[in-house]
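Student: Below you will find the structure I want to go over with you.
The values are calculated or read from the model by the stated rules, or taken from the named source; none is laboratory data. Predicted model, so just to flag it, every value in this text is computed and none were measured. Here the Cβ is made from the backbone with ideal geometry for all residues, glycine too, and neighbour counts use every protein chain on show.
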Amino acid sequence: VIILGFDGVEPKIVDTMMEAGELPNLKKLSEEGSYQRLGSSNPPQSPSAWSSFTTCKQPGNHGIYDFLLRTPSNYRPGVGFGGPTKPVLAADGSLSKPPVFDSIRKGQSFWKAANDQGIRCAILSVPFAYPAEDLTDSHQLCGLGVPDVRGTTSTFFHMSDAFTAEEKAKVGLSGGRRLPLEFENDTAKVSIPGPLDVSKQTRAYVEVPIDIAADRNAKTVTVTLPDQAHTLKEGEWSKWLEWTFEVTPQYSVRGISRIHVLEAGEQVRMYMTCVQFHPADAYIPFTTPADYGAELQERYGLFKTIGWIFDTHALRQGVLTDDVFLADVEQTMAWREQLTLDELDRDNTDLIVSAWTGTDRVSHTFWHHRDPLHPIYDEEAAKKYGRAVENTYLHMDRIVGKVMAKLKPNDLLMIMSDHGFHSFRTAFSLNTWLVRNGYASIKGQTDPATAATTDQQVYLTGFDWAKTKAYSIGFGSLFLNLQGREGKGIVASSDSAALVAELREKLLAVAHPETGEKVFTEVYTGAEIYQGVASASAPDLQLGFAEGFQMAKKSASGSVPVEVFEPVTDHWSGDHAGSDPVTTPGIFFSNQSMSNTTPNLTDLGVTALDYLNREVPADFEGVSLF
Ligand SMILES: [Zn+2]
């Protein structure tokens, strides 16, 4: 059984491209096997959806509802799927307890269920399947979810000698950091911050100093690390740099990164990727067996280990250009293609699951080029980038074709995406709407018509809980401020059902003030759709945004911006995170015809187990598609 997963592929685009003869391999599967819409999870966002795929369960049973979660007792936000723990050092500075990644997902993966019944697996870069599992005669390379050595989703570095005073004063960027370069005779020293320095009481990062020498006439930069030097031309990528961050003399953390020289003339500007785990010596294990990373390094050389594999942060903030970003997507997709084909050739597995995320990331960041109604649509730019999304689909089809060529007569091939995609033209702030409609209050502010949080009042810290009945954090979740559940809850549980119904009705009526478009196609009642062992942490209402709308970023992070509606001016112009799953299915193709015509993400693992003649665990919710 071979399952190829592509994050965020929109079926309508696939249909159009197949009709135009552009996806010959998928077209062949649709004619000779199966092609359906694939039902996604609610919400149809990657942490929830891939967890439903992996565990064959809906969110009510696996417990992953959003990128963000909150702890009701103190309203503190957290990462919605888990996070790394810090290492613990012994008194002599040696490592006494290594860091681990704690996933909050409930339920086992279908490949673990298969492996327990003797099935040999290769699980390659499946999103949100981290940490690596204990599998026999199998290998797993974890993908999305693997952090960088700082413990973040990814933190890039922007080095420059041309930052303004204002930029120097604010070195922290979304998903990155500025490192100002102070040149003297065209040489500068800068320290690269690595992992948290757990040997210190205060919050500090272990640093490695490097030297940077610019030759502005030759337009080159030489980057000198303690044990290696790299000379790079403007526009060039470095090879992988290898870092050793010494936490104590007894404990070091190794990492890798690459540098891209953006400018090396009058100004020197460089982009550096996040410092990722070293495949041969990972800060937190991300493969099964533990030396699979070293084996892959031997096979292919050093490779990206970060889960958030495409640096959308740097692209959105203009540090990486569109062309450099797209070239990286192409190369990274090709790397994973090679890995998948090689694993097929090795012919020592019964179940291969391999996933790509380039389809999703390019859709998020280049969607405006294919939507003339988007606020930042530009006709000239669209001529160049209008098919950026389609290009990743062409690549997907080539991968499918190469895998099809290697299939044996009884192999079952399934191609899936976890959800579809929509344009994101208008941001809607649920928290602002709640304040304007009298359901929430902000500390020290009395006028609900103008109340808004300050820049410091992020992550729900601005709310006046004594006067707040409902609040929002995440991309589509609404929570009541419930007595007995929330730390300062004011809504009695006897009133909660009526309040949920009232909010739902009002939200369903919300329309864009200028266009009159309805913002939601559906608003789901949590108690109805989230039933299961993980329902206690579920939202009370889950929004189902209509095409064109998504949650405003500030509202998603628990702030209250001034405006309820704002046009999207960010390159993050396509989205699906808070969309209605009914309008956001993914794709499902197979080389075999299947009788079930309404497949869901939860069904694929069950179908694989069925095909392999293995027992399906009783708590799996999916059904076999045969
Ligand atoms: Zn996405």
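Student: Restricting the range 573-593 to residues that are part of a loop (DSSP other than H, G, I, E, B), of a type outside the set (G, A, S) and crowded, with 18+ Cβ neighbours inside 10 Å, which is farthest from the ligand (Cβ to nearest atom)?
Tutor: The residue in question is N591.
Student: Just to be sure I understand the filter: pairs with C-beta atoms under 7 Å, separated by 6 or more residues or on different chains, first member in the range 1-25 and closer than 17 Å to P581 by Cβ, second member basic (K, R). Which pairs pass?
Tutor: Hits for this filter: P11/R37.
Student: Criterion first (more than 30 Å from I284 (Cβ to Cβ), of a type in the set (S, T, Y) and modelled with pLDDT of 95 or more) does T220 satisfy it?
Tutor: Answer is yes for this residue.
Student: State whether the residues of the range 440-448 include one that is assigned to a strand (DSSP E or B) and within 16 Å of the ligand (Cβ to nearest atom).
Tutor: Checked against the condition, which is being assigned to a strand (DSSP E or B) and within 16 Å of the ligand (Cβ to nearest atom), the range 440-448 yields no hits at all.
Student: So, one more: Looking for whichever is within 16 Å of the ligand (Cβ to nearest atom), of a type in the set (A, V, I, L, M, F, W, C) and modelled with pLDDT of 95 or more here; the options are L612, L601. Which one fits?
Tutor: L601
Student: Here are some residues: G544, G532, G516, G487. Which one is part of a loop (DSSP other than H, G, I, E, B), in contact with a strand residue (DSSP E or B) (Cβ under 9 Å, 6 or more places away or on another chain) and modelled with pLDDT of 95 or more?
Tutor: Just one listed residue meets the conditions, G487.
Student: Going through the range 335-357 one residue at a time, which ones are small (G, A, S) and within 11 Å of the ligand (Cβ to nearest atom)?
Tutor: Within the range 335-357, no residue meets the criteria.
Student: Conditions first: (1) surrounded by 18 or more Cβ atoms within 10 Å (Cβ to Cβ); (2) without any contact (Cβ under 8 Å) to a residue 40 or more places away in the chain; (3) polar (S, T, N, Q). N185 passes all but one, so which condition is the exception?
Tutor: Tallying (1) surrounded by 18 or more Cβ atoms within 10 Å (Cβ to Cβ); (2) without any contact (Cβ under 8 Å) to a residue 40 or more places away in the chain; (3) polar (S, T, N, Q), N185 fails exactly one: (1).
Student: For the range 510-559, which positions are more than 25 Å from S48 (Cα to Cα) and either under 24 Å from the mean Cα position of the chain (by Cα) or hydrophobic (A, V, I, L, M, F, W, C) (or both)?
Tutor: Selection gives V510, A511.
Student: Show me the strands (runs of 3 or more DSSP E) entirely contained within the range 188-270 in which 1 or more residues are under 19 Å from Q297 (Cβ atoms) and out of contact with any Pro (no Cβ under 8 Å at 6 or more places or on another chain).
Tutor: Counting at least 1 such residues, we get 220-225, 228-233, 241-248, 251-257.
Student: Looking only at the range 417-439, which residues are over 21 Å from H374 (Cα atoms), in contact with a Phe, Trp or Tyr (Cβ under 7 Å, 6 or more places away or on another chain) and not in a loop (DSSP other than H, G, I, E, B)?
Tutor: Residues satisfying the conditions are N431, L434.
Student: Further question on the same structure: Can you pull out every residue in the range 388-435 that is more than 30 Å from F626 (Cα to Cα), more than 23 Å from the chain's Cα centre (by Cα) and of a type in the set (D, E, K, R)?
Tutor: none
Student: Going through P44, P77 one at a time, which residue ends up being surrounded by fewer than 24 Cβ atoms within 10 Å (Cβ to Cβ) and touching a strand residue (DSSP E or B) at 6+ places or on another chain (Cβ under 6 Å)?
Tutor: P77
Student: With respect to the numbered conditions (1) within 16 Å of the ligand (Cβ to nearest atom); (2) over 17 Å from the mean Cα position of the chain (by Cα); (3) more than 19 Å from G586 (Cβ to Cβ), which one is the sole condition not fulfilled by L315?
Tutor: L315 satisfies every listed condition except (2).
Student: Kindly check whether there is at least one residue in the range 382-389 that is more than 15 Å from S573 (Cα to Cα) and β-branched (V, I, T).
Tutor: no
Student: Separate question: Give, as residue ranges, the helices (runs of 4 or more DSSP H) completely inside the range 1-88 that count at least 3 residues that are out of contact with any His (no Cβ under 6 Å at 6 or more places or on another chain), away from the ligand (no atom under 16 Å from the Cβ) and modelled with pLDDT of 95 or more.
Tutor: Output list reads 11-19, 24-32, 59-62.
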